[in-house]
1. Provide, for q = 0.07 Å⁻¹, the log10 of I(q)/I(0) from a solvent-free Debye sum over equal Cα point scatterers in the stretch 88-375.
2. Identify all lysines with a Cα-Cα distance to K197 below 18 Å; exclude those on the same chain that are fewer than 8 residues away in sequence.
3. Sort largest first and round to whole Å: the equivalent ellipsoid semi-axes of the stretch 23-109, each the square root of five times a Cα gyration tensor eigenvalue.
4. Would you mind ranking K455, K197 by Cβ crowding within 10 Å, fewest neighbours first?
5. Based only on the alpha carbon positions, what is the Kirkwood hydrodynamic radius of the stretch 1-157, in angstrom?
6. Using only the Cα atoms of the chain, what do you get for the radius of gyration and for Dmax, in Å?
7. Between the stretch 141-179 and the stretch 300-347, how far is it from one alpha carbon centroid to the other, in angstrom?
8. Dipole size in debye (nearest 20) for the chain around its Cα centre, Lys and Arg Cβ +1, Asp and Glu Cβ -1?
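None of the figures in this text is laboratory data; all of them are computed from the coordinates on show. Just so you know, these numbers come straight off a predicted model, no measurement behind them. Reconstructed Cβ throughout: ideal geometry from the backbone, glycine too, with neighbour counts over all protein chains shown.
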Amino acid sequence: MSIYNPKSLKAEEFINHEEILETIEYAEKNKRNVELIDSILNKARPQKTEHGVHCEGLTHREASVLLACDIPEKIEEMYKLANEIKQAFYGNRIVMFAPLYLSNYCVNGCVYCPYHMKNKHIKRIKLTQDQIRDEVIALQDMGHKRLAIEAGEDPVHNSIEYILESIKTIYSIQHKNGAIRRVNVNIAATTVENYRKLKEAGIGTYILFQETYNKESYLELHPTGPKHDYDYHTEAMDRAMEGGIDDVGLGVLFGLEGYQYEFAGLMMHAEHLEAVHGVGPHTISVPRVKHADDIDPEAFDNSLDDEIFEKIAACIRIAVPYTGMIISTRESQEVRGKMLHLGVSQISGASRTSVGGYTEEDRPHDSEQFDVSDQRTLDEVVNWLMQLGYIPSFCTACYREGRTGDRFMSLCKTGQIQNCCHPNALMTLCEYLVDYASEDTKKIGFELIEKELNKIPNAKAQQIARENVDAIKSSNRRDFRF
Ligand code: SF4
Ligand code: SF4
């Protein structure tokens, strides 16, 4: 039997099966222990410090007790606290991004994904550099500035050289006032050497979903291909960090295994990164199993209802306050709307989950990775967010200023966010409105910017932001940032 050790570099010790089972048992036993629940909620509350606001976060055991709790008033309190924490660090900003599928060739056998190797009737496509150029121009013309590139695992079709060349192509395209300023990368677990190459290519976050933390289920769900190696996959973030990538994005595919198990595993993974590398995950994604070609979500008996899904989001926000949380267009407008209140800080908009989908007039289905529930245009999503009182942000400033890893975290921790993220959100939203928005979205947006500029606490920062907003409106000058 292996022993739980968050500092270990061995998967089975930092994601420890016995510790997860004990955590679930402990949470179940204490799910109505009001005294304990109150003390956990109090520990997690934002505290004022001389620099701003500090949040302590929670251990995987404490967070699991909150997740298990079924007392309605306490759940209400949790949701309120999640929102409070979100307000403290993210304000009303929501960062926008889009996925870009480069290739759906894949040698793995993941049973929940239509790109699995044995699926012979799905159309296989790998974009050429010219096709990538066309896709990126289409994304720039929508207003996107931040992409997450996706590719199946295939050493021949999707070699690291192909990925690196594609990143270079994406960054090089300047179409009208458009630019992709941050490329996050979601590709298979790889070597330290390859992670170093990705870092040198200027990637933002390296994203790799664990899919499931339960090793036994993992081996069954990934019966063939290199991804079958649970330890290699689970230890990937440590290799990425060793290769110099200090912004990493975690995620599980909810629905494959019991959610309590996944949640505890996710929290332990975050604790492990903090313990070993001194910096927790930059983001956590919360996808759920969805219908796709050759895939029936009903076949997975751990599917989650919306209520539990929302509780998971709130508990993540409370437990890891400095970590961004991402929700994709797998979810409907209604679910996305609710999750925003509970701590989601980044959403995708107008996504096409097929290879080459952005240059097609109609949404193609023959190479999609999953069905998209929220099919609105980016303009519609931006408009909707503003009507709900949020500021859609296209900010990529930290990446561009080299504020990654713990330097990004110290921005959060020293309370400079309101003088930094807030004006950046307003300036990038202004760019979007001037260059891409519909008349109605422009009207709502400019009024919002005017109102929100007044909320920048530092007078000098407020004045500079105002001048920059005016410059964006009256000229082609772009890419202002704090
Ligand atoms: S989840 Fe990723 S690795 Fe698995 S089959 Fe799909 S594309 Fe391939
Ligand atoms: S300033 Fe940095 S932390 Fe703030 S929104 Fe921009 S990229 Fe994110």
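1. These q points yield log10 I(q)/I(0) values of -0.23.
2. Partners found: K168.
3. Ellipsoid half-lengths, sorted descending, are 31, 23, 12 Å.
4. Values: K455 13, K197 18.
Result, fewest neighbours first: K455, K197.
5. Numbers: mean 1/r = 0.0490 Å⁻¹.
Evaluated over the stretch 1-157, this radius sits at 20.4 Å.
6. Radius of gyration, then largest Cα-Cα span, for the chain: 21.5, 67 Å.
7. First find each Cα centre; the distance between them is then 27 Å.
8. Values: 55 positive and 74 negative charges, 401 e Å.
Computed about the Cα centre, the dipole is about 1920 debye.
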